[in-house]
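Input: a single structure, listed below in structure tokens.
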Amino acid sequence: MARPVIIDCDPGHDDALAIMLAAGDPAVDLLAITTVAGNQTLAKTTLNARRVCTVAGIRDVPVAAGCDRPLIEPLRVAAEVHGESGLDGPRFPEPTVPAAPEHAVELMHRILTEHPEPVTLVPTAPLTNIALLLTRYPEVAPRIREIVLMGGSTERGNTTPAAEFNVHVDPEAADVVFRSGVPLTMCGLNVTHQALATPEVLARLEALGTPLGSLCVELLTFFTARYRRVFGFAAPPVHDPVAVARVIDPGIVHCVPAPVAVELHGTQTRGATVVDLHGVLGRPVNAQVAVTLETELFWDRLIAAVDTLGRRLRD
Ligand code: RIB
Ligand code: CA
């Protein structure tokens with residue numbers, strides 16, 4: 001039985017692949033895509049979500065824009081990684097998929113209230129929309145089966161030495177989510193850095209022989225160049241699809257239970273996720289923390305999803 005999912009994202013090259021994995025894999029029933037400011041401005045991340053849906057043939061999934069800035073911090077985007085458009089590399093056609101008229105938080109609230117079973121939320125961006133949902137509509141918490149997010153890290157950060165981008169952009173929002181009591185899985189940099197889009201992966205995507213496969217190669221070629229320039233990586237980590245893969249098959253992403261706290265006040269560490277893997281502080285466990293990725297299974301599932309979408313468009 002396909003699992004009902006809402007993706008909350010900031011496309012973003014890896015968000016684009018997360019959307020394709022969710023839409024193309026039979027284990028997921030993608031109910032909605034919501035967007036938030038993060039990698040780029042809200043206007044750009046929403047346009048990019050519409051672009052991805054257009055080129056991937058994702059037509060029956062509402063796309064709704066959410067918050068255009070973090071709860072407290074000013075917005076700082078990641079143009080150095082994702083480009084001025086937020087999805088630099090390919091040339092996209094004019095999107096034919098519209099943005100829904102509702103605010104993302106209202107759409108999530110409506111779906112969570114009306115859907116016959118609890119829904120899994122997969123945030124792959126700053127957690128502003130999710131924090132606002134939980135604060136404005138606390139009564140929907142039991143309608144959320146689980147929050148499986150890409151963000152944080154059990155080790156170092158990527159935006160500061162201590163903080164990962166999604167949590168660093170909006171630490172207050174992340175704090176609300178990690179304290180919410182909703183079942184939570186954290187897929188941090190420690191596990192997403194195992195999802196490297198190597199030349200072999202790009203060759204497999206190109207070999208699909210579909211325009212969508214080739215577009216993914218163009219996205220990842222840009223992403224490779226930027227990750228090499230900014231972070232010195234030989235191959236870029238494709239962060240966001242790891243959270244979707246955990247929903248699809250928990251055997252692809254291995255987790256351990258641990259208390260996780262978000263640092264809000266450290267002058268050098270604000271936005272860090274402090275993961276007590278050995279329980280030394282005696283605090284209650286509030287998250288499943290991803291630690292190992294079955295990389296072959298991961299890439300097989302992602303490439304198969306792109307193939308499914310690409311063939312559906314062609315046939
Ligand atoms: O730190 C990686 C995360 O920040 C990913 O979600 C990427 O898309 C950016 O949003
Ligand atoms: Ca993202």
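Determine whether region 65-82 contains at least one residue that is touching a strand residue (DSSP E or B) at 6+ places or on another chain (Cβ under 7 Å) and among the basic types (K, R).
No, the conditions are met nowhere in region 65-82.
Checking the structure you have, find out if any residue of region 264-280 is in a helix (DSSP H, G or I), open to solvent by 50 Å² or more (accessible area, probe 1.4 Å) and farther than 22 Å from P171 by Cα.
No: zero hits.
From D315, D240, D249, D307, grab the single residue that is in contact with a strand residue (DSSP E or B) (Cβ under 9 Å, 6 or more places away or on another chain) and of a type in the set (D, E).
After applying the criteria, what remains is D240.
Name every residue in region 198-217 that is farther than 19 Å from T54 by Cα, outside any helix (DSSP H, G or I) and of a type in the set (V, I, T), in order of residue number.
Result: T198, single match.
Looking only at residues that are surrounded by 24 or more Cβ atoms within 10 Å (Cβ to Cβ) and touching a residue at least 60 places away in the same chain (Cβ under 8 Å) in region 132-150, which one is farthest from the chain's Cα centre (by Cα)?
V148
To keep it simple, each residue is scored yes or no on (1) charged (D, E, K, R); (2) within 14 Å of ligand 1 (Cβ to nearest atom).
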| site | (1), (2) |
| --- | --- |
| D8 | yes, yes |
| A18 | no, yes |
| P26 | no, no |
| L31 | no, no |
| G38 | no, yes |
| R50 | yes, no |
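Only residues that are open to solvent by 20 Å² or more (accessible area, probe 1.4 Å) and near ligand 1 (Cβ under 8 Å from one of its atoms): list them for region 156-193, please.
If the condition is that a residue be open to solvent by 20 Å² or more (accessible area, probe 1.4 Å) and near ligand 1 (Cβ under 8 Å from one of its atoms), then N158, T159, F165 are the ones that fit.
Among the numbered conditions (1) more than 16 Å from ligand 1 (Cβ to nearest atom); (2) part of a helix (DSSP H, G or I), tell me where R145 comes up short.
(2)
Would you check if there is a residue in region 199-218 being in contact (Cβ under 8 Å) with a residue 24 or more places away in the chain and under 22 Å from V148 (Cβ atoms)?
The answer is no, given that none of the residues of region 199-218 is in contact (Cβ under 8 Å) with a residue 24 or more places away in the chain and under 22 Å from V148 (Cβ atoms).
Taking interchain pairs and intrachain pairs at least six residues apart, which have beta carbon atoms under 6 angstrom, with the first residue in region 5-32 and more than 13 Å from ligand 2 (Cβ to nearest atom) and the second hydroxyl-bearing (S, T, Y)?
Listed pairs, sorted by first residue: V5/T120; G24/T308.
Of the numbered conditions (1) more than 12 Å from the chain's Cα centre (by Cα); (2) closer than 25 Å to E84 by Cα; (3) surrounded by 24 or more Cβ atoms within 10 Å (Cβ to Cβ), T41 fails exactly one; give the number of that condition.
Only one criterion in (1) more than 12 Å from the chain's Cα centre (by Cα); (2) closer than 25 Å to E84 by Cα; (3) surrounded by 24 or more Cβ atoms within 10 Å (Cβ to Cβ) is unmet by T41, namely (3).
Quick one: how many residues across region 49-85 are in contact (Cβ under 8 Å) with a residue 60 or more places away in the chain and in contact with a Cys (Cβ under 9 Å, 6 or more places away or on another chain)?
Going through region 49-85 one residue at a time, the tally reaches 0.
Counting just the residues of region 58-84 that are over 18 Å from the mean Cα position of the chain (by Cα) and surrounded by fewer than 17 Cβ atoms within 10 Å (Cβ to Cβ), which one comes out nearest to N129 (Cα to Cα)?
Filtering first and then ranking leaves I72.
Out of region 240-257, which residues are open to solvent by less than 10 Å² (accessible area, probe 1.4 Å) and without any contact (Cβ under 8 Å) to a residue 40 or more places away in the chain?
None - no residue of region 240-257 is open to solvent by less than 10 Å² (accessible area, probe 1.4 Å) and without any contact (Cβ under 8 Å) to a residue 40 or more places away in the chain, so the list stays empty.
Restrict the check to region 3-22 and report whether at least one residue is open to solvent by 10 Å² or more (accessible area, probe 1.4 Å) and either outside any helix (DSSP H, G or I) or at pLDDT below 95 (or both).
yes
Conditions (1) touching a His at 6+ places or on another chain (Cβ under 7 Å); (2) basic (K, R); (3) within 16 Å of ligand 2 (Cβ to nearest atom), marked per residue:
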| position | (1), (2), (3) |
| --- | --- |
| E84 | no, no, no |
| L87 | yes, no, yes |
| R91 | no, yes, no |
| L107 | no, no, no |
| T128 | no, no, yes |
| T135 | no, no, no |
| P138 | no, no, no |
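If only one of F222, F233 is outside any loop (DSSP other than H, G, I, E, B) and open to solvent by 10 Å² or more (accessible area, probe 1.4 Å), which one is it?
Of the residues listed, the single one that is outside any loop (DSSP other than H, G, I, E, B) and open to solvent by 10 Å² or more (accessible area, probe 1.4 Å) is F222.
The values are calculated or read from the model by the stated rules, or taken from the named source; none is laboratory data. Since this is a predicted model, take the numbers as computed values, not measurements. A quick note on method: Cβ atoms are made from the backbone with ideal geometry, for glycine too, and the neighbour counts reach across all protein chains shown. Note: areas computed on protein heavy atoms with side chains; ligands, DNA, RNA excluded. Shrake-Rupley method; radii C 1.70, N 1.55, O 1.52, S 1.80 Å.
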